[in-house]
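The values are calculated or read from the model by the stated rules, or taken from the named source; none is laboratory data. Worth saying up front: this structure is predicted, and the values here are computed from it rather than measured. Cβ: placed from backbone, ideal geometry, glycine included. Neighbour counts: every protein chain shown.
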Amino acid sequence: MIPLRFQSEYGAVVLGDGPFALKAMDFFIQAGIAVRLFVPRSSGVDQALKAFCSEKAIKLAEHTIVETDDFYNEMKNLEPDFLICASFDRILPRRLIELPKVAALNIHAAPLPRYRGGSPLNWQLIAGENHIVLTIHYMKTKVDSGNILAQIHIPLSSDDNYSSVIEKTSNTVPEAMLVAVTKAIAGDPGRPMDPNKGFYLPRRKPGDEFLDWNWSAQTIFNFVRALAHPGPLASTFYNDKILSFGNASLEYKESFVGIPGTVLALSRNEGWIVVKCADSAIKLGNILPQELFEQIKVGDRLGVNLNLLWQKLLERKS
């Protein structure tokens with residue numbers, strides 16, 4: 001519940017995708033601020049957002065390419081007080097950032113200035129962070145660089161994966177929005193980010209989901225949970241076909257020698273395999289596709305065989 005309602009004449013435009021955008025719109029509605037327009041990603045609007053907008057009579061944008069005059073004019077005619085980006089996939093031009101009467105704000109699921117850029121939740125899980133931070137900051141033309149208005153810290157456990165972290169983090173959006181919007185209305189300039197701290201990471205792309213068996217068990221464990229559903233799933237190759245894993249567990253503490261990528265044990269009934277990695281071994285489950293998993297035998301090798309690949313390349317040249 002939102003304990004504070006703002007002036008009814010305030011209006012907002014929300015740009016984004018997924019639960020973060022939905023939570024932002026719901027906050028505005030509960031706080032008495034009209035959502036005058038929702039702008040989905042150019043790739044389209046997901047069904048949950050579409051249903052929410054229909055239920056709440058929120059208009060969907062006719063134009064989604066933010067650099068065009070048509071988009072700018074549509075926004076300008078709405079005279080928004082707030083413009084909120086929540087998991088939006090495009091960088092807004094300066095004229096849009098300067099358009100709202102009160103503030104243009106961005107919701108970023110990371111402890112800015114660390115983890116600027118795309119896929120912040122995935123990167124933080126891959127890095128093995130023990131907590132996630134939801135940040136709301138003023139927007140500038142430079143990505144994820146405006147003054148910070150609110151930061152909420154969310155502790156993580158080893159049981160958390162991409163799905164649970166999305167839920168935990170998006171559930172803090174109303175709390176962070178209440179702080180940020182209240183400060184913005186009061187003219188609070190926010191806390192500047194130190195330009196000498198933090199780092200930028202790119203949005204993850206198709207092909208980035210392939211793991212390396214020469215990584216440590218801990219690194220592979222973090223990688224698998226970072227790419228769990230609704231992510232693309234951590235993957236490897238088996239007989240030149242793609243094999244994917246939905247979960248992993250650290251059950252082998254002692255380091256031992258061996259060849260990374262070797263299947264050490266498996267259970268077809270329980271749906272798991274144990275694979276040698278750089279230091280010890282890791283247990284992997286929720287394996288897809290099922291028909292490929294059923295072909296695996298103890299002693300098989302997963303991943304790309306670089307020696308065999310090199311031999312094939314040499315054979316092609318000869």
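Among the residues of the stretch 79-101, which ones are surrounded by fewer than 17 Cβ atoms within 10 Å (Cβ to Cβ) and either charged (D, E, K, R) or in contact with a Lys or Arg (Cβ under 6 Å, 6 or more places away or on another chain) (or both)?
Passing the criteria: E79, D89, R90, R94, R95, E98, K101.
Name the residue that is surrounded by the most Cβ atoms within 10 Å (Cβ to Cβ), counting only residues in the stretch 128-151 that are in contact with a helix residue (DSSP H, G or I) (Cβ under 7 Å, 6 or more places away or on another chain) and farther than 16 Å from I84 by Cβ.
Looking at the filtered set, the residue picked out is I132.
Give the residue, chosen from S280, S249, S267, that is hydroxyl-bearing (S, T, Y), at pLDDT 95 or above and out of contact with any Phe, Trp or Tyr (no Cβ under 9 Å at 6 or more places or on another chain).
S267
I'd like the residue in the stretch 138-158 that is polar (S, T, N, Q) and out of contact with any strand residue (DSSP E or B) (no Cβ under 8 Å at 6 or more places or on another chain) and, out of all such residues, is farthest from L105 (Cα to Cα).
Once the filter is applied, the top-ranked residue is S158.
Counting only residues that are of a type in the set (A, V, I, L, M, F, W, C) and without any contact (Cβ under 8 Å) to a residue 40 or more places away in the chain, which one in the stretch 185-210 is surrounded by the most Cβ atoms within 10 Å (Cβ to Cβ)?
Within the stretch 185-210, the match that is surrounded by the most Cβ atoms within 10 Å (Cβ to Cβ) is F210.
I'm told Y162 meets every condition in (1) at pLDDT below 95; (2) within 18 Å of the chain's Cα centre (by Cα) except one. Can you identify the failing condition by its number?
(1)
Looking at (1) of a type in the set (V, I, T); (2) in contact with a Pro (Cβ under 9 Å, 6 or more places away or on another chain); (3) without any contact (Cβ under 8 Å) to a residue 40 or more places away in the chain, which is the one condition that is false for V66?
Result: V66 fails condition (3) only.
Which fully enclosed helices (runs of 4 or more DSSP H) of the stretch 209-318 have 3 or more residues being basic (K, R)?
306-317
So, in the stretch 30-56, exactly how many residues are touching a Lys or Arg at 6+ places or on another chain (Cβ under 6 Å) and either of a type in the set (V, I, T) or surrounded by 16 or more Cβ atoms within 10 Å (Cβ to Cβ) (or both)?
Selection size over the stretch 30-56: 2.
Look through the stretch 133-147, keep the residues that are aliphatic (A, V, I, L, M) and at pLDDT 95 or above, and return whichever of them is farthest from the chain's Cα centre (by Cα).
M139
Counting just the residues of the stretch 236-255 that are of a type in the set (F, W, Y) and either outside the structural domain of Q295 (by TED's automatic domain parsing) or farther than 12 Å from S216 by Cα (or both), which one comes out surrounded by the most Cβ atoms within 10 Å (Cβ to Cβ)?
Checked the stretch 236-255; the qualifying residue surrounded by the most Cβ atoms within 10 Å (Cβ to Cβ) is F245.
Every residue in the stretch 73-94 that is within 27 Å of the chain's Cα centre (by Cα), over 25 Å from I29 (Cβ atoms) and not β-branched (V, I, T), please.
Within the stretch 73-94, P93, R94 meet the criteria.
Of all residues in the stretch 269-304 being in contact with a helix residue (DSSP H, G or I) (Cβ under 9 Å, 6 or more places away or on another chain) and more than 12 Å from I220 (Cβ to Cβ), which is surrounded by the fewest Cβ atoms within 10 Å (Cβ to Cβ)?
G271
Which condition does A104 not pass, out of (1) crowded, with 16+ Cβ neighbours inside 10 Å; (2) of a type in the set (G, A, S); (3) not in a strand (DSSP E or B), if it passes all the others?
(3)
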